[in-house]
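S.K.: The structure is given below, and queries will be raised subsequently.
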Amino acid sequence: MTTTRKKTAGARLERYRRKRDFTKTAEPRGARARRRTRALRFVVQKHAASHLHFDLRLELDGVMKSWAIPKGPSVVPRVRRLAMEVEDHPIAYNSFEGTIPEGEYGGGTVMLWDRGTYEPTGGGGAAALREGYAKGKLDITLHGERLHGGFTLVRTRGEGERVQWLLIKRTDEHASRAKQLVTSETRSVKSGRTMAEIAKDGLTD
Ligand code: MN
């Protein structure tokens, strides 16, 4: 625990960097993170890799903790969505939208599907998030453009590179049985483009 907390953002991104050839992909390499006091960020990216999925990324300690969610987030209360933990990503990844070349790690089109800030629901800032992450239960409140309110991430099994969690919408005024955001929201929050348009246009930055 203590050693994990003392790791620099650069060391945390080692696994992310090992998987990628930055001479071939336009994804960010990730720079040294500065210490900040403002709100922590989150993003959701829609990623048409070998299997379409949504990547949830939560800022913590200078990196984006990341989960691949095959069916994407649901706002229907108590619906559980499998969330496979993947390597920490650099904060600069938050604005990434474009196409990772075929044959490269994660090759395929990436859309910025949601973005905003988040906080631990019970307060306590980054310390509460670190504790929740270590325990395998994160109660968070999202303030996104599409996702709002309380969500819980629960670790169910796995170690090392195959850790599984569930993402669950908690019951609150933002939960809805009628909404299927993953299918109704088909455009980027950054560029307004569809997946097909991003694939055709290529990079925005
Ligand atoms: Mn992905």
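The values are calculated or read from the model by the stated rules, or taken from the named source; none is laboratory data. Here the structure is a predicted model, which is why all the values come from computation and not from measurement. Cβ sites come from the backbone with ideal geometry, for glycine too, and all protein chains shown count toward neighbours. Side chains are part of the model used for accessible areas, which takes the heavy atoms of the whole protein and leaves out ligands, DNA and RNA. Shrake-Rupley method; radii C 1.70, N 1.55, O 1.52, S 1.80 Å.
S.K.: Measuring from label point to label point, each 7 Å out along Cα→Cβ, what is the residue 197 to residue 31 span in nm?
M.R.: Computed distance between label sites residue 197 and residue 31 equals 3.0 nm.
S.K.: How far is it, in nm, from the label point at residue 166 to the one at residue 49 when both lie 7 Å from their Cα along the line to the Cβ?
M.R.: Those two pseudo-labels are separated by 2.4 nm.
S.K.: While we're on this one: Heavy atoms of the protein only, probe of 1.4 Å, neighbouring chains included. What is the accessible area of residue 118 in Å², nearest 10?
M.R.: 10
S.K.: Then there's this: When averaged across all projection directions, what area in nm² does the alpha-carbon convex hull of the stretch 84-205 cover?
M.R.: The number I arrive at for the stretch 84-205 is 9.0 nm².
S.K.: Starting from the residue with the highest accessible area, list 135, 179, 190 in decreasing order, probe 1.4 Å.
M.R.: The residues order as 135, 179, 190, largest area first.
S.K.: Tell me, what ³J(HN,Hα) does each residue in the stretch 93-99 have, in order and in whole Hz, if you take phi through Karplus 6.51 cos²θ - 1.76 cosθ + 1.60 with θ = phi - 60° and put x for Gly and Pro?
M.R.: With coefficients 6.51, -1.76 and 1.60, one gets 5, 4, 9, 6, 8, x, 10 Hz.
S.K.: Can you find, among 26, 83, 93, the residue farthest towards the positive end of the dipole of the chain? Put +1 on the C-beta of Lys and Arg, -1 on that of Asp and Glu.
M.R.: The listed residue farthest towards the positive side: 83.
S.K.: Now, a different point. Where the accessible area of the chain is counted over protein heavy atoms with a 1.4 Å probe, how much of it, in %, is carbon and sulfur?
M.R.: Of the solvent-accessible surface of the chain, carbon and sulfur hold 50 percent.
S.K.: Enter the mean projected area of the convex hull around the alpha-carbon atoms of the stretch 143-197, in nm², rounded to one decimal.
M.R.: Computing the convex hull of the Cα atoms and averaging its projections yields 5.7 nm².
S.K.: Sticking with this structure for a sec: Relative contact order for the chain: what percent, with Cα pairs under 8 Å and sequence separation of 6 or more?
M.R.: About 22 percent, as a whole number.
S.K.: If I take R0 = 35 Å and measure r between the Cβ atoms of residue 126 and residue 20 in this structure, what FRET efficiency does the formula 1/(1 + (r/R0)^6) give, to the nearest 0.05?
M.R.: Efficiency, rounded to the nearest 0.05: 0.85.
S.K.: Once Rh for the chain is found with the Kirkwood sum over Cα pairs, what is the Stokes-Einstein diffusion coefficient at 4 °C and 1.567 mPa s, in µm²/s?
M.R.: 75
S.K.: Taking the chain, how many lysine pairs are there with alpha carbons less than 15 Å apart, if each pair must be eight or more places apart or span two chains?
M.R.: Close lysine pairs under the 15 Å cut-off: 9.
S.K.: Heavy-atom accessible area per residue, the chain, 1.4 Å probe: how many Å²?
M.R.: Per residue, the chain has 52 Å² of solvent-accessible surface.
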